[in-house]
Structure formats: C-alpha cells, structure tokens
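*Asks:* The following block contains the structure, expressed as structure tokens.
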Amino acid sequence: MRILGISCMFHDASVCVVDEGKIMFAGHSERYSRKKNDPFLHKELMAEALTFGMPDVIVMHEDSKLKSKRRLKQLRMDAVKAVFTEPTAEQWLKRFYPQLDGIPVQHTLHHQSHAAAGVLTSDFDECAIMTIDAIGEVQTATIYRYEERGGKFELVHETNFPSSLGLFYSAVTARVGLKPMEDEYVLMGMAAYGNPIFAKQMRKQLFKHEKITKENRGECLHTIDMSRGLPDDFLINNLNIPGNEQIKYDLAASAQLVCEERIMEYAELAYKYTHSKNLVFMGGCALNCVANSKLFDIFDDVHIMPNPGDAGSSLGAAAFLHFADTLKKVEWKTPYLGTVIEGKWPVRKFVESLNNGEIFGVANGRAEFGPRALGNRSLFADPRGEEIKDRVNEIKRRQKFRPFAPIILEEHVQDWFELPGGLNESPYMQFVAKCKRPDEIPAVVHGDGTSRVQTVNRKQHPELYEALSEWHKVSGCPIVLNTSLNVKGQPIVNTKEDATAFTNHYNIRVHTSD
C-alpha cells in the first residue's frame with residue numbers, strides 16, 4: 001500500500017510517501033515556496049511526492065473536526081473566526097489537488113502522529129513515548145506505551161489545553177521580542193547568557209498546584225493555563241527600555257529552567273506509567289537539546305527522530321497507518337529523504353575550501369528531512385579561528401551570541417566531548433555535550449561550555465565521513481563547524497538553483513558536486 005502522509009495548515013507543512021513500509025520521500029513545503037515555516041502545501045512539493053506514484057490512501061496528521069470543536073470552546077474571537085474562515089486540510093486538498101479526487105482520506109490524531117514518527121523509526125521493541133508540544137486538537141502532552149510484541153501502542157496519560165508547556169515557552173519567546181513558533185531555539189541559546197532569577201515568580205504565576213509530591217510529579221503540566229497567553233503583567237511590563245537587554249537573557253534562562261523541570265517531571269511520570277528504561281521523545285519541545293540531555297538521568301536510552309515537530313508528523317501519520325495495517329514499523333535508514341541534487345558529493349572541494357580558510361556551503365544529494373542540516377545542505381568552516389563564529393553569524397544575519405554545531409568523526413568524539421548518558425554517537429544534533437577542549441575550537445562552543453554535537457560514521461554518510469577524514473589528516477582536527485545553508489528568516493537551500501542564488505546573493509561559494 002502506498003500512503004501519502006500530510007501535515008499542514010498550522011506551520012511548516014510537509015508531505016511523506018511510504019510505499020510498502022519504505023520511506024520513499026519526505027519534504028518541507030517551505031523549501032519550495034521559499035517562505036519560512038509555510039503552513040500550506042506547495043504544488044511543487046506535491047508534484048515531487050507524486051513522482052513516486054499516486055497514493056492508495058491519504059492520511060492527515062490530525063483530526064480537523066476535533067480541532068475546530070476545541071477552537072469553538074475557546075470563546076476567543078480569533079479562534080472562533082478561524083473555524084468559519086480557514087479551510088481545513090481536507091478542503092485545501094480538494095480545492096487545489098483535484099488529481100487526488102477519489103482517493104480515500106483518513107486521519108490520525110496530532111499526538112498519535114508525533115508518537116508514531118518517533119517510535120516507528122526507533123530500534124526499540126518496547127519503550128515509553130513522551131510527546132510535548134504547543135497544542136494538537138486538544139492534547140498538549142501525552143504518554144504512550146509501546147510493545148512490539150502484540151502491536152501495543154497505548155495512550156496512558158494526556159494533558160489537555162489550556163495547559164501547555166509548549167505554548168508557555170513560545171509565549172516567553174514572543175515576550176523577549178523573538179518570533180514564536182520559529183525562534184524558540186534562539187531563546188534556548190539566550191538562556192546560556194542569563195541567570196534564572198525569574199524562575200520562582202514564573203512558577204508562582206503560572207502553576208496553580210499547591211504542592212508537588214512524588215505521587216503527582218509530572219501532573220503539574222496540567223496547571224499551566226495558557227488559554228489567554230501570558231498575563232499582561234507577567235514579570236516585566238517593559239523589556240525595551242534602555243539597559244534592559246540582560247533582563248531578556250534572564251527571562252530566557254528562567255523559562256529554560258522551568259521548561260527543563262517540567263519535561264523531567266513528565267519524564268518521571270512516563271517511567272512511572274510504563275516502567276521502561278527506553279524513551280522516545282517527540283513534539284516541538286523535543287527540539288530543546290539542552291533539556292533532552294537530562295533525560296538520561298531517568299532513561300538508559302533515548303530516541304528522538306530528527307524531525308520531531310509538526311513537519312515530521314507527515315511521516316508519523318503515514319507510519320502509523322502502515323503500522324495499523326501490518327503491525328510493522330517503517331524502514332527508517334536515513335534522514336536524507338528530500339529533493340536530490342545530482343553529482344558526486346564534493347569531498348575534494350570540501351577539504352580545499354577548509355585549507356583555504358573559506359566559509360563555504362555544500363548542497364548535494366538528498367535534502368535532510370528536519371530543521372537541522374546534516375551535511376547535504378550545510379554551511380561549513382574551520383572551527384578553530386577566534387573570529388569564525390562572528391563571521392558566520394554575520395553571513396547568516398544572526399545575533400552574535402548564537403552558537404554553531406560541531407560535526408566530528410564518531411571515533412574521536414570521546415576525545416573532545418562528554419556526551420550525555422555514556423553515548424558514543426549523536427548523529428542528529430539532539431543533545432548537548434560538555435566540550436573538553438573549548439579553547440581549541442571556540443567557534444563551536446556555546447557560552448555555557450557545551451556544544452550540540454553531530455557525529456558521523458562511514459555507514460551514516462560515507463562521503464561526509466571521507467571528507468572529514470581527509471580534513472583530519474591535513475589539519476589534525478577531526479571537527480568542522482556545520483550550520484544550515486540559509487540566512488535568518490529564510491528556508492534552507494533545496495535545489496541547485498537555490499544554491500546558485502545563495503552564492504550570487506551572499507558571495508559564499510556553494511559546492512554542488514566535486
């Protein structure tokens with residue numbers, strides 16, 4: 001059975017094609033429209049997906065009827081108006097894609113899609129699944145129990161709107177002047193330069209529980225009332241007066257601490273309900289790599305699919321339907337699932353550019369499915385220069401404090417970083433690690449002394465592994481700075497034409513083949 005999974009109508013729309021359990025294609029709409037976090041399906045994205053054949057069934061990542069019912073109950077004019085003015089995903093599909101007329105359309109639940117995207121791409125035969133995000137139809141956090149034997153995929157706990165940890169973090173993102181549903185990772189980066197002096201006040205203002213006990217730990221996620229956003233007088237009335245910049249960093253640090261506390265409390269609850277030492281973590285909050293790293297205090301092993309937010313739910317919806325039909329997982333092998341740029345991966349040019357001290361891009365092979373570039377749509381640089389971080393941030397039009405990730409040969413990671421949980425690999429940049437030699441690679445070490453590490457081995461990406469190995473031979477350094485091939489507010493480069501345009505506009509060489 002060929003399944004077309006779709007996630008759209010909120011932010012970062014995507015589609016995925018699963019054929020007899022094989023993931024044939026997965027891509028983001030924004031990469032085609034060139035509109036950051038585009039919520040609508042783009043015709044070129046759909047056209048590329050349909051080159052893999054017409055689907056036997058279409059599955060949506062959430063239930064639009066349940067979502068509309070929740071909006072009507074909110075009693076907010078903007079939410080109620082949206083029910084009557086905004087088309088549903090099904091209506092959008094019928095209006096703009098008549099070639100799909102007659103193909104049956106099904107749906108999963110929003111958190112079900114998140115959970116499925118995680119567990120059905122994992123190696124676990126049993127685990128707890130925790131999802132935390134802003135909001136689905138009604139749910140904002142869930143715990144599932146998965147057991148491969150017997151095909152058990154069971155919801156054991158849920159938190160519903162208006163309680164939402166994800167909405168809380170997004171609201172603080174907006175309060176410090178950043179863009180919610182897009183810049184939460186910037187808030188996470190800001191936290192390293194602040195002190196959590198407002199954490200106690202945040203807890204008092206937002207969390208209504210009388211006392212956290214061993215028995216109700218984790219249930220406190222129910223107590224974050226985000227029905228009307230943050231109170232107008234939340235902590236600080238005016239953040240924009242001169243000299244108040246540090247307050248924003250302190251707010252970020254406070255929100256990050258509170259977020260970490262709630263995630264850990266919910267993780268303890270997940271263990272309490274499942275008694276599993278394996279965890280799958282999904283939803284937008286699973287992009288918080290600082291919080292992710294603490295999960296090893298509870299679990300022995302943690303799996304986070306490299307696209308844990310809503311975009312990844314197109315894969316999750318399709319994977320869940322395949323599982324419901326066959327009781328089998330999808331064949332997850334790689335996150336490189338998108339548009340292809342043909343040609344030999346530029347190993348030789350990669351090493352030459354590094355030797356010449358260049359900041360340069362690579363756009364080759366299949367695009368990554370997820371928000372983080374993992375070598376096929378990346379901007380690279382030598383991480384050892386004191387000025388490199390500022391230069392790359394200037395190119396990307398980003399704030400100076402923003403960190404960059406190191407990409408490192410897997411066999412050398414223990415020499416340079418302390419990965420959480422005794423890990424020896426971290427292929428998807430999902431955890432932070434204390435750097436053991438920060439003075440040698442200052443461009444990829446954050447203000448708190450950590451790095452969001454990406455490891456590479458020969459099986460995962462043979463060409464990138466070869467390139468890093470050659471660089472290690474000539475430089476003695478097994479590490480390169482790796483960031484996404486885009487500038488702030490723009491989607492990652494997708495096609496060869498996008499790469500050429502990037503070179504012409506920003507005067508940065510982008511290698512598309514060797």
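*Asks:* Those residues that are under 21 Å from Ala433 (Cα atoms), open to solvent by less than 10 Å² (accessible area, probe 1.4 Å) and of a type in the set (A, V, I, L, M), I need them from the range 267-301; list them, please.
*Replies:* Ala267, Leu279, Val280, Met282, Ala286, Ala291, Leu295, listed by residue number.
*Asks:* Starting from residues that are over 19 Å from the mean Cα position of the chain (by Cα) and not in a loop (DSSP other than H, G, I, E, B), keep the ones in the range 11-22 and report whichever is farthest from Pro371 (Cα to Cα). Steps first, answer last, please.
*Replies:* Filtering the range 11-22 down to residues over 19 Å from the mean Cα position of the chain (by Cα) leaves 17-22.
Still in the running and not in a loop (DSSP other than H, G, I, E, B): 17-19, 22.
Details: Val17: 19, Val18: 21, Asp19: 24, Lys22: 22 Å.
In this case the residue turns out to be Asp19.
*Asks:* Go through the range 182-221 and report how many residues are within 30 Å of Val156 (Cα to Cα), open to solvent by 60 Å² or more (accessible area, probe 1.4 Å) and modelled with pLDDT of 90 or more.
*Replies:* Final tally of qualifying residues: 1.
*Asks:* Might you check whether a residue that is within 17 Å of Arg366 (Cα to Cα), surrounded by fewer than 20 Cβ atoms within 10 Å (Cβ to Cβ) and without any contact (Cβ under 8 Å) to a residue 12 or more places away in the chain occurs anywhere in the range 1-24?
*Replies:* Going residue by residue through the range 1-24, those that are within 17 Å of Arg366 (Cα to Cα) are 14-18, 22-24.
Imposing the further condition that a residue be surrounded by fewer than 20 Cβ atoms within 10 Å (Cβ to Cβ) reduces the set to 22, 24.
Remaining after also requiring without any contact (Cβ under 8 Å) to a residue 12 or more places away in the chain: none.
No, the range 1-24 contains no residue that is within 17 Å of Arg366 (Cα to Cα), surrounded by fewer than 20 Cβ atoms within 10 Å (Cβ to Cβ) and without any contact (Cβ under 8 Å) to a residue 12 or more places away in the chain.
*Asks:* Considering only strands (runs of 3 or more DSSP E) fully contained in the range 302-394, which possess at least 1 residues that are out of contact with any Cys (no Cβ under 8 Å at 6 or more places or on another chain) and open to solvent by 20 Å² or more (accessible area, probe 1.4 Å)? So that I can check it myself, show each step before the final result.
*Replies:* Working: elements: 336-341, 360-363, 365-368, 377-381.
Filter on the range 302-394 gives 336-341, 365-368.
*Asks:* Give the residues of the range 488-514 that are open to solvent by less than 20 Å² (accessible area, probe 1.4 Å) and more than 17 Å from Glu358 (Cα to Cα), sorted by residue number.
*Replies:* Correct list: Pro491, Ile492, Val493, Asn494.
*Asks:* What do you reckon, is Glu182 within 22 Å of Arg70 (Cβ to Cβ), among the acidic types (Asp, Glu) and either touching a residue at least 24 places away in the same chain (Cβ under 8 Å) or part of a helix (DSSP H, G or I) (or both)?
*Replies:* Numbers: within 22 Å of Arg70 (Cβ to Cβ): no; among the acidic types (Asp, Glu): yes; either touching a residue at least 24 places away in the same chain (Cβ under 8 Å) or part of a helix (DSSP H, G or I) (or both): yes.
Against the criterion (within 22 Å of Arg70 (Cβ to Cβ), among the acidic types (Asp, Glu) and either touching a residue at least 24 places away in the same chain (Cβ under 8 Å) or part of a helix (DSSP H, G or I) (or both)), Glu182 does not qualify.
*Asks:* Moving to a separate point now. Working only within the range 472-514, note down all residues that are within 13 Å of Pro346 (Cα to Cα) and not basic (Lys, Arg). Give the steps one after another, and end with the answer.
*Replies:* Just the residues of the range 472-514 that are within 13 Å of Pro346 (Cα to Cα), to begin with: 509-514.
Matches in the range 472-514: Val510, His511, Thr512, Ser513, Asp514.
*Asks:* Moving to a separate point now. So which strands (runs of 3 or more DSSP E) stay within the range 112-172 end to end and still have 2 or more residues that are crowded, with 24+ Cβ neighbours inside 10 Å and of a type in the set (Ser, Thr, Tyr)? Reasoning before the result, please.
*Replies:* Values: elements: 126-132, 139-147, 152-160.
Those strands (runs of 3 or more DSSP E) span 139-147.
*Asks:* Filter the range 464-487 down to residues that are open to solvent by 20 Å² or more (accessible area, probe 1.4 Å) and over 20 Å from Asn356 (Cβ atoms), then give me how many there are. Spell out the reasoning first.
*Replies:* From the range 464-487, those open to solvent by 20 Å² or more (accessible area, probe 1.4 Å) are 465-466, 469-470, 472-476, 484; that's our starting set.
So of that shortlist, the ones also over 20 Å from Asn356 (Cβ atoms) come out as 465, 484.
So the count comes out to 2.
*Asks:* Restricting attention to the range 77-99, does a residue exist that is at pLDDT 95 or above, out of contact with any helix residue (DSSP H, G or I) (no Cβ under 8 Å at 6 or more places or on another chain) and under 20 Å from Ala26 (Cβ atoms)? So that I can check it myself, show each step before the final result.
*Replies:* Within the range 77-99, the first condition is being at pLDDT 95 or above, and the residues that meet it are none.
No: zero hits.
*Asks:* Of the residues Gln454, Gln399, which is crowded, with 23+ Cβ neighbours inside 10 Å and either within 26 Å of Ala291 (Cα to Cα) or among the β-branched types (Val, Ile, Thr) (or both)? It would help to see each step written out before you state the result.
*Replies:* Numbers: Gln399 fails: crowded, with 23+ Cβ neighbours inside 10 Å.
Checking each option against the conditions leaves just Gln454.
The values are calculated or read from the model by the stated rules, or taken from the named source; none is laboratory data. Everything numeric here is computed off the predicted structure, so don't read it as measured data. Reconstructed Cβ throughout: ideal geometry from the backbone, glycine too, with neighbour counts over all protein chains shown. Just the protein is used for accessible areas: all its heavy atoms, side chains included, with ligands, DNA and RNA removed. Shrake-Rupley method; radii C 1.70, N 1.55, O 1.52, S 1.80 Å.
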